[in-house]
Amino acid sequence: MDYRRIEDLLQKYWSCETSIEEEEELRAFYTKQEIPEPFSRFKTLFIYQKKEKETGLNNAFDQKILRKIEQSTKRQFFPPRQIAAGLLLLVGIAGLFYTTTLRPTNLSADTFHTPEEALEQVKQTLTLVSQQINQGQQKAEQSIEKTEILIKYLK
């Protein structure tokens, strides 16, 4: 056997460039009893491929597939998924009906009678927010001071 040819075929095989005939030639080479040491590491791969190629599907497989097909063709009158989808659709329609007809429609009405009242309310709200921010800033500054003191003691 020309071992140089086998080396070339193996290189082509691992580069996915072999033809079917060349792969058959490799399988035939590896089914021999005596294989030189440099080539022996691939023997199990090619023997496995040859055995798998020879193995076919039996009648039990066909019968199993046919049973699965028959089971899938038997349909329920109202499968649970269809019932759930219908209920979800009804809930969605009811929610849409509620939001469009039963809810009060005057949501954008003014809550203040004069612009001065609205301005006064905005000022009060902004003052409250400012006070809260200042308190938070003071607490943060106190924490930073305590941390700096702690760092000085740890050094």
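From the alpha carbon centroid of region 34-67 to that of region 77-102 is 54 Å. Taking a straight Cα-Cα cut-off under 30 Å and skipping sequence neighbours fewer than 8 places away in the same chain, the lysines within cross-link reach of LYS139 are LYS123, LYS152, LYS155. Helices in the chain, meaning DSSP H runs of at least 4 residues, each add -39500 (n - 2.57). Divided by all residues, the mean residue ellipticity at 222 nm is -23500 deg cm²/dmol.
Tally Lys and Arg at +1 and Asp and Glu at -1 over the other residues with C-beta under 9 Å from the C-beta of LEU9: what net charge comes out?
On the way: positive: ARG5, LYS12; negative: GLU7, ASP8, GLU22, GLU23, GLU25.
Local charge sum for LEU9: -3.
Extending 7 Å from the Cα toward the beta-carbon at both GLU70 and ILE144 defines two label points whose distance is 8.0 nm.
Among the lysines of region 4-65, pairs that are 8 or more positions apart or on different chains and have alpha carbons within less than 17 Å of each other number 6. Once a ≥ b ≥ c are taken as the square roots of the eigenvalues of the Cα gyration tensor of the chain, is the result rounded (a/c under 1.5), prolate (a/b larger than b/c) or oblate (a/b not larger than b/c)? Oblate shape, in that a/c is at least 1.5 and b/c is the bigger or equal ratio.
Readers should treat all values here as calculations from the given coordinates under stated rules, not as data from a laboratory. These numbers were taken from a predicted model, which means no experiment stands behind them. Here the Cβ is made from the backbone with ideal geometry for all residues, glycine too, and neighbour counts use every protein chain on show.
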